[in-house]
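The values are calculated or read from the model by the stated rules, or taken from the named source; none is laboratory data. The structure displayed is predicted, hence computed values, not measured ones. Don't worry about glycine lacking a Cβ; one is built from the backbone with ideal geometry, like all the others, and counts go over all protein chains shown.
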Amino acid sequence: MTSNLSITFRMEILALTLLGWLVMYFFVNRRNLGTRQYLDFSTDWDRKTPYWPMFALVYFSTYIFVVQPFFFLSDPRQFYLMLACFVSISGFSSLIHAIVPSKIERVEEVTVGGASGWMLGIFQKTCKPYGNFPSMHVGLSVPVVLANYMVGGPFIGSLTLVWALLIAASTLFTKQHYIIDVLAGMAGGIVIFSLFFWLMLA
């Protein structure tokens, strides 16, 4: 009988995973290719999407959302499925960001006050508006929702689905992603989770 993974072990794996993710993200994000080399995938719908900075709180809740499975997935097969999805989605997205460099037109001068304005201001000083296609926020949310359905059942899974959809909407309303970024991130997350789930059952 396979024993469950300890919380200490899972937190160590989480720390290493986040460290690797940060190194990979900033390595790609900090590259400067020159303005003319970045692609802009905006559409009329993106330009008509309102800017609602209050959604920043939802946008930044992604970092809590995507790590929560590390806390409750103690079954080894489920845990390593989630870990494989997390690493693969992050790696695949970063690879696309590097190969197909993209740029988004953000609202750079954040004038709104409160926590939302403060968070967006810090984020924009830290991260450049590059590598938005596909949305890693949305991609990483997909396996989190499916993991919650597997472990928590329909009610918990549905709650996390609502949270994930709000996160996807927040990437648009805070002008951090375009619609195609969200769709590509969602598709990538579904494909990668399905692949690893099939391999786990094989």
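Scanning for something surrounded by 15 or more Cβ atoms within 10 Å (Cβ to Cβ), of a type in the set (F, W, Y) and at pLDDT below 90, does the stretch 111-121 turn up at least one residue? No, that holds for no residue.
Filtered by the rule that a residue be within 18 Å of the chain's Cα centre (by Cα) and more than 15 Å from S141 (Cα to Cα), the stretch 54-77 gives F55, A56, L57, F71. Within the stretch 1-28, being over 24 Å from Q68 (Cβ atoms) and assigned to a helix (DSSP H, G or I) holds for F27, V28. Note on the stretch 152-182: residues that are closer than 16 Å to Y59 by Cα, of a type outside the set (D, E) and part of a helix (DSSP H, G or I) total 16.
Each row is one residue, and each column tells you yes or no for (1) of a type outside the set (S, T, N, Q); (2) over 21 Å from L22 (Cβ atoms).
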{"position": "M136", "(1), (2)": "yes, no"}
{"position": "L140", "(1), (2)": "yes, no"}
{"position": "V145", "(1), (2)": "yes, yes"}
{"position": "V162", "(1), (2)": "yes, yes"}
{"position": "Q176", "(1), (2)": "no, no"}
{"position": "S194", "(1), (2)": "no, yes"}
{"position": "M200", "(1), (2)": "yes, yes"}
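Please work out which residue is farthest from the chain's Cα centre (by Cα), limiting yourself to the stretch 124-175 and to residues that are at positive phi and surrounded by 17 or more Cβ atoms within 10 Å (Cβ to Cβ). Restricting to residues being at positive phi and surrounded by 17 or more Cβ atoms within 10 Å (Cβ to Cβ), the top hit is K175.
Here's the yes/no breakdown for (1) surrounded by fewer than 16 Cβ atoms within 10 Å (Cβ to Cβ); (2) of a type in the set (G, A, S):
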residue	(1), (2)
S6	yes, yes
A15	yes, yes
L22	yes, no
Y25	no, no
W45	yes, no
Y51	yes, no
Y59	no, no
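Quick check, is V67 of a type in the set (V, I, T) and touching a helix residue (DSSP H, G or I) at 6+ places or on another chain (Cβ under 8 Å)? It is true that V67 is of a type in the set (V, I, T) and touching a helix residue (DSSP H, G or I) at 6+ places or on another chain (Cβ under 8 Å).
Within the stretch 67-107, if we keep just the residues that are among the hydrophobic types (A, V, I, L, M, F, W, C) and within 19 Å of T174 (Cα to Cα), the residue that is modelled with the lowest pLDDT turns out to be V107. Whenever a residue of the stretch 176-202 is surrounded by fewer than 18 Cβ atoms within 10 Å (Cβ to Cβ), its partners that are acidic (D, E) and assigned to a helix (DSSP H, G or I), lying with C-beta atoms within less than 6 angstrom and at least six residues away or across chains, give the pairs I179/D46. Taking the stretch 182-201 as the range and being at pLDDT 95 or above, among the aliphatic types (A, V, I, L, M) and touching a helix residue (DSSP H, G or I) at 6+ places or on another chain (Cβ under 7 Å) as the test, the residues that pass are V182, M186, I190, I192.
For the stretch 9-42, filtered to residues that are among the polar types (S, T, N, Q) and out of contact with any helix residue (DSSP H, G or I) (no Cβ under 8 Å at 6 or more places or on another chain), the residue that is modelled with the lowest pLDDT is T35.
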